[in-house]
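Down below is the structure, laid out as C-alpha cells.
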There are 2 protein chains.
Amino acid sequence: MKRLLPVSLQNVHLEDDFWAPRQQLVRDVVVPYQWKALNDELPDVEPSHTVANLKIAAGEMEGTFHGMVFQDSDLYKWLETVGYVLAIRPNPELEALADGVIDLLARAQQPDGYLNSYFTVARPDARWTNLRDDHELYCAGHLMEAAVAYYQATGKPKILDIVRRLAEHIDRVLGPEPGKKRGYCGHPEIELALMKLHRLTGDELYLRLAKYFVDERGREPLYFALEAEARGEKRVRPYNFKYSQSHQPVREQTSAEGHAVRAVYLYSGMADVAAETDDEALLAACRRLWEDIVSRRMYVTGGIGSSAYEEAFTVPYDLPNDRAYAETCAAIGLVFFSHRMLQLEADAKYADVMERALYNGVLSGMSLDGQRYFYVNPLEVWPEVAEHREDMHAVRTTRQPWFGCACCPPNIARLLASLGGYIYSVDPDTNTAFVHLYIGSQAAVSLAGQDVRLIQRTRYPWDGEVQLQVSASAQAEFAIALRVPGWARRVEVRVNGQPVASSWESKGYVYIRRVWRDGDTVTLSIPMPVEEVFAHPEVRMNAGKLALQRGPIVYCLEEVDNGRNLQSIVIRPGQTWTAQYEEGLLGGVVTLQGSGWRDVIRPQGEAVPREFGHGQPLYAFQRCAREETKVKAIPYYAWCNRTPGEMTVWVRYES
Amino acid sequence: MKRLLPVSLQNVHLEDDFWAPRQQLVRDVVVPYQWKALNDELPDVEPSHTVANLKIAAGEMEGTFHGMVFQDSDLYKWLETVGYVLAIRPNPELEALADGVIDLLARAQQPDGYLNSYFTVARPDARWTNLRDDHELYCAGHLMEAAVAYYQATGKPKILDIVRRLAEHIDRVLGPEPGKKRGYCGHPEIELALMKLHRLTGDELYLRLAKYFVDERGREPLYFALEAEARGEKRVRPYNFKYSQSHQPVREQTSAEGHAVRAVYLYSGMADVAAETDDEALLAACRRLWEDIVSRRMYVTGGIGSSAYEEAFTVPYDLPNDRAYAETCAAIGLVFFSHRMLQLEADAKYADVMERALYNGVLSGMSLDGQRYFYVNPLEVWPEVAEHREDMHAVRTTRQPWFGCACCPPNIARLLASLGGYIYSVDPDTNTAFVHLYIGSQAAVSLAGQDVRLIQRTRYPWDGEVQLQVSASAQAEFAIALRVPGWARRVEVRVNGQPVASSWESKGYVYIRRVWRDGDTVTLSIPMPVEEVFAHPEVRMNAGKLALQRGPIVYCLEEVDNGRNLQSIVIRPGQTWTAQYEEGLLGGVVTLQGSGWRDVIRPQGEAVPREFGHGQPLYAFQRCAREETKVKAIPYYAWCNRTPGEMTVWVRYES
C-alpha cells in the first residue's frame, strides 16, 4: 500500500527554541533520572526493582521479583530513549551504560530465547499460560522497539540478536499452526514492534507474526476464554473482552473500546500491517476507529480514555473534566496511531490530532524540570475534593516522582527524544517533501535523486511564521507540501517573498511543485489569534463553557494566577485577549490575558430561604453578586509547575 | 432542659390530600409488599432471608444465615411501621401478623436476653467482639424503636419485655464498670432508641445506657482500636474512625464527618440525651453539627452524604449532582435530627430543613406506587453514563424493587406512617401549640388544662393557604405558634378574618396568644411564587446554574418532558413561570412551565479546527446555534415515575 516515508530522526536535526531544550532535558536530566529510578536510587521513592529483577533473572543477584509483571518494559523504553538520544548526538558514556544493559539482557535471556524477568524469576513454569494479563508479548514488543532504536543509532547488532532469538521463540510457541497456542497479547504492542523490526530487517518472520497477532485477535473461539478455562480461573466479575479489544475480530470493530493505551497501540499495529499487506479492510477499520476517537471520545487536549476504571474509553461524549483519566501513555499512543495514519492517507487531520496530543495531553505528563510526572491528566482540578473523594482516587493534584506502574515517564521520554522523526515525510513516487510539524530543524532528504536539505525556522508554537529554506547542491524539481494546521482559519504562502503562483491544496496540505534552487525560501504565515473552543452539546460537562486555544496550544486557568474557585469565573465570548510571550514564565510561554466576572458572596440582604441564614448561605433565592476580574490563562501543558492549586481548561461564558 | 413536647401521632389524625393517600399506600401496599420482601416472596428479587434468619435462630427452621449482619433491623423497621399504622387505624389482621413476629422474636431471644439472628445462627461465640462493624446494638436499637411504636399502638407489653431483657443483657456486657467492655456501636441508633424507651417507661436504665454510649464514643483509648487489636485484625487500609464518628469525643466534634446515616442518628441521640440531662455542652455540639450540615454539606433536596464511598460526608461544598449519594436513610435521619433540635430550640429553621428533606430527598426514595425504591438520590442523571462509569456505580437510574442492603425501604415506610407525630408540638409551660408542618389534620392537645382540638385545612404543598380552626368545649387562653416557612418572603395571618392585632414573631414562628373560643379560625396565607435557587459559589458544580423551588417543593427537569440533553437547556432568570396543578400527572402535582434556549448542533459552516470535520464536530471555534424551547419542571420527588431518562435539578441560566 502506498504510504509516505517519514524522514527518520537520524536525518533531522532540531534547532528549535521550544523542542530542542526539551530534548536536551531528556538527555541531561530525564534519562539519568529515570536510570536512577530503575535502579532504586531515587530518595523517597518506592524502589522500582526493574534492573534488579533482570539481574536476578540473569543469576547474578539473589532475591525475588518485585513490581508489575511488565516491569521489564520500563527499562526497555528507557533503552529505546537512549537509542534516540544517541542518534541525535553521540554520548560514549551513555552508550557504555546502555551496552551494559544489553549485556545484562543477553545474560538474562534463557537458552531457548525466552526473556522476561517476571516469569524467569517468579513463575518459570507458568510461561505463556496467561497471555491476557501477563504482558509477555508486550514486554517483548518494547524490547523490539528498543532494539530497532538502539541499532539504528549505534549499528551494534547485539540487541537485534537478542530480539531475533526472542521472536523465534515466540514463533515456536504461538501461532495458527498445529501444536502452537493460538494466542495474542492482552496488551497490544508487539504488533507495531514487529513491524518496526520487519521494516528494519526485511525479515518476513516479523511481518508474519505481526499479521497473525492482528488477525487472530477477537476471533471465535476467543483465546482468552479458552486460556482462562485451561487455568481453571475463577472470577468475581466476568472478564470484559472489550478491555483488551479482543471482543471481536479487529476488522469488524467500529468503536474505540476498552483500555485506551491498548486500543491505540493495537490500532497502530493494525495500520502498519495494513500498509505492508495492502489490506484495505484493515485500513478501513483503522479509519473508522480513528474517527470514532476524535469525533466522540477525545478531550480537547488530545487526551483519551475518560475512565480510571480499566483506564478505558466509556461511552460517546462522556468526557468529565474532573475525573478525566486521559493517561499520558494514551495520548502518546494516539500520536503513534495518528502518525501512522498520516503516512497512509497524507491527510493533515491526522497531523492535527498528533499535534494536539503532543503539545497538550502528552506534554502535560512531565514537569518542566523533567523529574515529576502525571499519569492521569485531568482538565479540571479542585484539590481538596480530588484528594478526598474515593471516586476521584486516580487523580493526582501534583506530578509524582515515579509510579508503581511507571509506564508513562519513560514513554514520554522516548517520544520527546524521537520527535525528529515526526516532522517530515517524503513521497518518493511524487517527489514530495511533507512538512507535518512546525519545529525549527534541518532535514536531509533525498528528492528526485538529489540530496536536499530543508532548513525550517520558526518560533512555533508561539508564532505562526515559518520559514523553510531549500539547500541543495543543484536545482531539482519536487514538491513541498506544507500542512495548513487544522486550527488555522487562513494561511499565506510565499516563495522567495512572492505569493506562490502554482500551488494547490489537498487534504490540508499546500503543495508547491517547482524547480527548487539552492537558497529558495518558502514562508508560511499562519495568523495565530486566540480562539474560543466550544464542545459538541452532547458533552454535557462542557455546556456553557469554552476553552481557549492559540495555535496548537490549549490553555487553562490556574489558581496561582486567578485566585480560588475558578468555576466562579465567567467570561464573555468574543473579547479581545492579549497574547503575550513571557520569557521568564514556565520556561517561556505565551500567556493570554482577558477579563471576566466572578461570582462572589451575595451581599447581606433578605435571607430566603431563611434556614440557610444570612451572610454566606448555602442556598438563596438571590443571585451572587458579581465583580469584574482579570483572567490569565497559561498553556495547559505547563500547569502545576508553580504553586499547586485549582486548574480548569473549560471556563464558563455568558454573552 | 426545657423542650417542646411533640403531639404524638396517636393524637393527630391526617386529613390531607397529599399525605393521607401516602399513609394509605404505606398501609395497603408498602407494608404488605415489604412483608413479602422480608419473607422472600417477591418474584425476581434476591431473597432477603430476614424472617428465615430469625426462624433459624429460634430453632424452628434448618439453614444458615443469609444477608447483612444487620438484616434483623429490616424486620424491626417493618414492625415499627406496623405500630404506627395500627396507631392510625386498627387492623386486626395486620396486628395478628405482627404479634406472630413478636412471638417469633421471643422464641429467637436467648435465655440471657441476647437477640440477634446473625450471631445466634452464624457466630454464637463471637458476640460483642466487633462492635465497630457488627451492628448488634444497632439492631437492638431498631427493635427498641419498634417496641415503643408497637406498645403505644396496641398496649401489648410482650415486645417491651423482650427489649427490656435485651437492654439488661447489654447492660451486663457493656459499660464503664469494671469487668464490662467499654464499647459502643459502630452504627449509632441505640442511643436514640434507648431514649424513646426511657421516655416511655421512665426507666433510668435506658437513660444511663444511652448517656454512656454517647459519652464514651471517641474517648481515648479508642475502643474500636483496642477491640480490633484484640481480634488480631489485619487491614489493608487503616480504619477511618471518622466513618463512625468515633474519632473524638462527641462534645468536641465540630464538623459532620463520616457515614451520613450514622452521623445523623448519633446526633439525634445526642440531642435526646442533652435534653434529658440538661447537658448544654452536648446541645452546643448538636447545634454546631447541624449548622455544619446545612451550611456546607446538604443538597438543595435535603440529601446529605455526597460520596458513595463510605456513604459519607466529604469536604465542605463538595456536592456533585451526578454522583450525589444522598442516601434516602440519611435524609430521613436529618428529619429525625432536625425534629429533635426543633423541640429543643423552637426555631423554625429546624422545621425548614425537616420539611425540605421530607418533601424532596426523602420522598424521592420511593416510587408513587410504593413498590420501587432509590437508595441513592442523584440530582442529575445521564443514564448512559451512569450505567457505564464505574465511578458512578452506586447510582441507579431507576428505582429498584429491593436491595441486598435494604435499610431505606422500611425506613421511608416508618417515617411516612409516623408523620402525624411531626406536625405539632406543645409547650406546656407557656401554653403554646406549635404548628410546624402544614398538613391537613386534626390534633387533640391539652392546653391550659383544656382539651383542645386543632383542625388544620390546607392544600399544601401546592397552595400556601392554611386554615386552623380551634375546637374546644370552653374558651381558653393559650398561644398558637405558626411556622413561617423559611422559603416564604411574607405571610399574612388573620384570626376570624381579621388581621391579628396581638402577635409577635420569634425564630420563625408567629405567636398568637389570646383567649380562644370554639370555632375561632386562624388563616395563614403564604404566597407561593416560583423561586429560583442559587447555590453558594463554592459549590462549583452549580456555578452558572439555578434550581426551581415552589413552596417546599424542589423541582427537576426530566427527559420525558424536555427531550434529551437537559444540560443543553439554558433559562433566563426572573422569567414568569406558569405553575399549574395537573391532577392526572404523577398523582397530582403542580408543574412549572417556562421557556429557555437549547444549544443545538452548530450549523454547517467553516470547520475550524478542521480535524473534527464538518457537521457535528466534537470541538469547534464556533458556538452552537440556539433554539427556543419550552421548559417543564416537575417535583423532584416524583422523578422517574414515567419513562426513565435524563433528569436534572440544576439548570443553566444566562441573564
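The values are calculated or read from the model by the stated rules, or taken from the named source; none is laboratory data. Quantities reported herein were computed from a predicted structural model and do not represent experimental measurements. FYI the Cβ positions are ideal-geometry reconstructions off the backbone, even for glycines, and counts take in every protein chain you see. We work out accessible area using only protein heavy atoms, side chains counted, and drop any ligands, DNA or RNA first. Shrake-Rupley method; radii C 1.70, N 1.55, O 1.52, S 1.80 Å.
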Rounded to the nearest 5, what is the percent of antiparallel bridges among the DSSP beta bridges in the protein assembly as shown? 90 percent
Relative contact order of the range B:530-653, defined on C-alpha pairs under 8 angstrom at six or more residues apart (%): 36 percent
Kindly report, to the nearest 10 Å², the accessible surface of B:Tyr138 as traced by a 1.4 Å probe over protein heavy atoms only. 10 Å²
At 7 Å along Cα-to-Cβ for each site, give me the label-to-label distance between B:Glu168 and B:Leu200 in nm. 1.7 nm
Show me the three semi-axes of the equivalent ellipsoid for the range A:443-581, from the C-alpha gyration tensor (sqrt of 5 times each eigenvalue), largest first, rounded to whole Å. 40, 16, 13
Calculated FRET efficiency for the pair B:Glu60/B:Asn91, C-beta based, R₀ 30 Å, to 0.05: 0.70
Given label points at 7 Å from Cα along Cα→Cβ, what nm distances, shortest first, separate B:Arg453 from the same residue in every other copy? 10.8
I need the calculated FRET efficiency for the pair B:Gln593 and B:Glu229, taking r as the beta carbon distance and R₀ as 45 Å, to the nearest 0.05. 0.15
With equal scatterers on the alpha carbons only and no solvent term, can you work out the Debye log10 of I(q)/I(0) for the range B:423-525 at 0.14, 0.22 1/Å? -0.46, -1.24
With the label 7 angstrom out along Cα to Cβ, how close does B:Arg564 come to the same site in each of the other copies, in nm, nearest first? 4.0
Mean Cα-pair separation over length for chain B, i.e. relative contact order, pairs under 8 Å, 6 or more apart, %: 13 percent
Of all DSSP beta bridges having both residues in the range A:530-653, the percent classed as antiparallel (nearest 5) is 95 percent
Residues of the range B:444-485 with backbone N under 19 Å of the label point set 7 Å from the Cα of B:Arg517 along Cα→Cβ are B:450-455, B:468-480
Accessible heavy-atom area order of B:Trp402, A:Trp290, highest first, probe of 1.4 Å: B:Trp402, A:Trp290
Cα-based Rg / Dmax (Å) for the protein assembly as shown: 35.5, 121
Taking the Cα-to-Cβ direction at B:Tyr309 and at A:Asp125 and moving 7 Å from each Cα, how far apart do the two end points lie in nm? 4.0 nm
With a Förster radius of 22 Å, plug the Cβ-Cβ distance of A:Glu177 and A:Gln110 into 1/(1 + (r/R0)^6) and report the FRET value to the nearest 0.05. 0.50
May I ask you to compute the full-extension gain from A:Arg287 to A:Glu627, defined as 0.36 nm times their residue separation minus their alpha-carbon distance, rounded to one decimal in nm? 117.6 nm
For A:Pro111, inter-copy label distances in nm, listed shortest first [label point 7 Å out on the Cα-Cβ vector]: 7.3
Starting at 0 and stepping by 20 Å, how many percent of the alpha carbon pairs of chain B end up in each bin? 18, 51, 26, 4, 0
With a cut-off of 8 Å between alpha carbons and a minimum separation of six or more residues, what is the relative contact order of the range B:403-552 in percent? 19 percent
Approximate spin-label separation A:Ile601-A:Arg642, in nm, with each point projected 7 Å along Cα-to-Cβ: 2.6 nm
Just to compare against my own numbers: the Cα pair-distance distribution for the range B:530-653, 5 Å bins, whole % per bin, please. 2, 10, 19, 19, 17, 12, 9, 6, 4, 1, 0
Please compute, for peptide A:387-399, the average count of beta-carbon atoms on other protein chains lying within 10 Å of each residue's beta-carbon. 4
Under Stokes-Einstein, with the Kirkwood radius over Cα pairs standing in for Rh, what whole-number D in µm²/s applies to the range A:498-554 at 10 °C and 1.306 mPa s? 105 µm²/s
If you wrap a convex hull around the alpha carbons of the range A:149-197, what volume per residue comes out, as a whole number of Å³? 76 Å³
Leaving ligands, DNA and RNA out of it, rank A:Glu654, B:Glu62, B:Glu582 by accessible area with a 1.4 Å probe, largest first. B:Glu62, B:Glu582, A:Glu654
Filter the cross-link list B:Lys545/B:Lys630; B:Lys2/B:Lys211; A:Lys77/A:Lys196; A:Lys158/A:Lys181 down to pairs whose alpha-carbon distance in this structure exceeds 25 Å. A:Lys158/A:Lys181
For a quick check of your reading of the filter: which trypsin sites (Lys or Arg not before Pro) in the range A:233-334 sit in a DSSP loop and have no more than 16 other Cβ atoms within 10 Å? A:Lys234, A:Arg235
Per DSSP helix of 4 or more residues, -39500 (n - 2.57); summed, then divided by the residues of chain A. What does that give at 222 nm, rounded to the nearest 500? -10000 deg cm²/dmol
Debye log10 I(q)/I(0) for the range B:279-406, one point scatterer per Cα, at q = 0.16, 0.19 Å⁻¹: -0.78, -1.03
